[in-house]
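Heads up, the thing below is written out as structure tokens.
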Amino acid sequence: MDHGNGPIHGKEMSNLPVIENAEIAWKDGQIIYIGQMNEVEISAAEVIDCKGKLVTPGLVDPHTHVVFGGSREHEVSLKLQGASYLEILEMGGGIHSTVSQTKLASHEELKNKTIHHLNRMLSFGVTTVEAKSGYGLDEETELKQLRVAKELQNEHDMDIVSTFLGAHAVPKEYKGNEEAFLDKMLSLLDVIKQEELAEFVDIFAETGVFSVEQSREFLLKAKDKGFSVKIHADEIDPLGGTEMATEISAISADHLCGASEKGVELLGKSETIAVILPGTTFYLNKPEFAPARNMIDSNAAVSLATDFNPGSCPTENLQLIMTIAMLKLKMTPEEIWNAVTINSSYAINRGEQAGKLKVGRQADVVVWNVPNYTYVPYHFGVNHVESVYKKGKLVVSRGEHDVTVIS
């Protein structure tokens, strides 16, 4: 699959370049040839037979909270009994539970847990992932999360792009004094920049969290410090976060279930990428999914992500998200593939590195044991990956009933 430069907008997302009977060759981790089989003479040290199979770029997951302590399975029974999120929060659950467990986890414990999740993502065909902080809400723990992610970027096969999400929630002691908390989070930006711990800054703009005006001011200050910015916008209520994201040229606006018609229109006129998280809507059993169909019809660039986190979407499986996008967002297979490759790569500033197969790019390649690209979202609940190559190195090899992550 190959495209021109930039994310794919609107109706162009239905264009998915495919080469039948193709060959792809790489050397020293970089792709050196893509074309029809036997079109040119290729001398290879190893030949991988992919007859009857699908070969694609590595998937890109542009919105995850992969570095966190503990888990929240004990909240499921409370939800089934009808407890609301706010009620669970008052019992010490919700995000406060994860914050507590992340604070208690040592650096090594957090790192080993994150490796476990990254390995599983890799087994599902993801080769580049975004990782947010946001489960510390204090200096020590936020920096601990970011430092774990940086170490793993250097040590793990996965490419990891870090985002500082210190403004993920309002700590109890700052209720009614949100500006002071945001100032505290902004005070971390100098050390984050100095240690190169993150390239993005994010904030959760939502009812009961941070207002659109607070979020605008926070993100503009982050931009002044040299960071690219993202925003959790309009997940529940149409507050105008989508509009604000386009106004300040945020690289992405994420969630968007409550995006207004005006917000959707502005997305289509901007370079801000809509990162849709249908797995979260599904897991929370909410009726309203993000209006991805309207976004595409309005010429927006749409991408898909897991939103992997311990509370609202505990899955590393981007293949499952592809199926939910097909069934609930009414996206076509072609649009879905563009949304988990090229558009997702641009949503995390990796558009010139990941998300497509092209001569000169790193060889992030997935071999799928399926007859065609439509089959992956169609046949759900299983892992269709046969093997994953990261920078030309075999990092995942799967038999019919087993998986081996090689690192």
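The values are calculated or read from the model by the stated rules, or taken from the named source; none is laboratory data. Everything numeric here is computed off the predicted structure, so don't read it as measured data. Cβ atoms come from the backbone with ideal geometry, glycine included; neighbour counts cover every protein chain shown.
Brief remarks on what is shown
- Applying the criterion of being modelled with pLDDT under 95 and either farther than 26 Å from Ala44 by Cβ or touching a strand residue (DSSP E or B) at 6+ places or on another chain (Cβ under 6 Å) (or both) to the residues of segment 4-20, the residue that is surrounded by the most Cβ atoms within 10 Å (Cβ to Cβ) is Gly6.
- Residue ID - surrounded by the most Cβ atoms within 10 Å (Cβ to Cβ), chosen from residues in segment 190-237 that are among the hydroxyl-bearing types (Ser, Thr, Tyr) and either within 22 Å of Gly258 (Cα to Cα) or free of Cβ contacts under 8 Å to residues at least 60 places away in the same chain (or both): Ser215
- For segment 255-298, a residue qualifies if it is of a type in the set (A, V, I, L, M, F, W, C), at negative phi and not in a helix (DSSP H, G or I), and the qualifying residues are Cys257, Ala259, Ile273, Ala274, Val275, Ile276, Leu277, Leu284, Phe289, Ala290.
- Residue match in segment 158-174 (condition: more than 23 Å from Lys144 (Cα to Cα) and part of a helix (DSSP H, G or I)): no
- Per-region count, segment 356-365, residues crowded, with 17+ Cβ neighbours inside 10 Å and within 14 Å of Ser345 (Cβ to Cβ): 5
- Of note, Leu284 satisfies the criterion of being surrounded by fewer than 22 Cβ atoms within 10 Å (Cβ to Cβ), under 25 Å from Lys113 (Cα atoms) and at pLDDT below 95.
- Within segment 75-104, residues that are touching a residue at least 40 places away in the same chain (Cβ under 8 Å) and closer than 26 Å to Glu140 by Cα have Cβ atoms under 8 Å from residues that are of a type in the set (D, E, K, R) and surrounded by fewer than 17 Cβ atoms within 10 Å (Cβ to Cβ) in these pairs: His96/Lys172, counting only partners at least 6 apart in sequence or on another chain.
- Search result, residues across segment 205-238 that are touching a Ser or Thr at 6+ places or on another chain (Cβ under 8 Å) and hydrophobic (A, V, I, L, M, F, W, C): Ala205, Ile231, Ala233, Ile236
- Among the candidates Asp202, Asp237, Asp183, Asp190, the residue that is in a strand (DSSP E or B) and either over 20 Å from the mean Cα position of the chain (by Cα) or not aromatic (Phe, Trp, Tyr) (or both) is uniquely Asp202.
- Among the residues listed as Glu386, Glu352, Glu334, the single one being in a loop (DSSP other than H, G, I, E, B), farther than 20 Å from Asp307 by Cα and acidic (Asp, Glu): Glu352
- Within segment 368-383, the residues that satisfy the criterion of being hydroxyl-bearing (Ser, Thr, Tyr) and either in contact with a strand residue (DSSP E or B) (Cβ under 8 Å, 6 or more places away or on another chain) or part of a loop (DSSP other than H, G, I, E, B) (or both) are Tyr373, Thr374, Tyr375.
- Considering residues of segment 40-86 that are assigned to a loop (DSSP other than H, G, I, E, B) and among the basic types (Lys, Arg) only, the residue nearest to Ala149 (Cα to Cα): Arg72
- For Glu109, the criteria (1) surrounded by 19 or more Cβ atoms within 10 Å (Cβ to Cβ); (2) under 30 Å from Ser397 (Cβ atoms) hold in every case but one, which is (1).
Yes/no per residue for (1) part of a strand (DSSP E or B); (2) touching a Pro at 6+ places or on another chain (Cβ under 7 Å); (3) of a type in the set (Lys, Arg); (4) touching a residue at least 12 places away in the same chain (Cβ under 8 Å):
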| position | (1), (2), (3), (4) |
| --- | --- |
| Glu108 | no, no, no, no |
| Thr114 | no, no, no, yes |
| Leu118 | no, no, no, yes |
| Met121 | no, no, no, yes |
| Thr127 | yes, no, no, yes |
| Gly134 | no, no, no, yes |
| Leu137 | no, yes, no, yes |
| Leu143 | no, no, no, yes |
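- Unmet requirement for Ala205, which otherwise passes all of (1) touching a Cys at 6+ places or on another chain (Cβ under 9 Å); (2) within 14 Å of Glu178 (Cα to Cα): (1)
- All told, Thr246 meets the bar of being surrounded by fewer than 24 Cβ atoms within 10 Å (Cβ to Cβ), among the polar types (S, T, N, Q), part of a helix (DSSP H, G or I) and under 21 Å from the mean Cα position of the chain (by Cα).
- Selection within segment 366-407 - over 22 Å from Gln353 (Cα atoms), at pLDDT 95 or above and aliphatic (A, V, I, L, M): Val370, Val376, Val382
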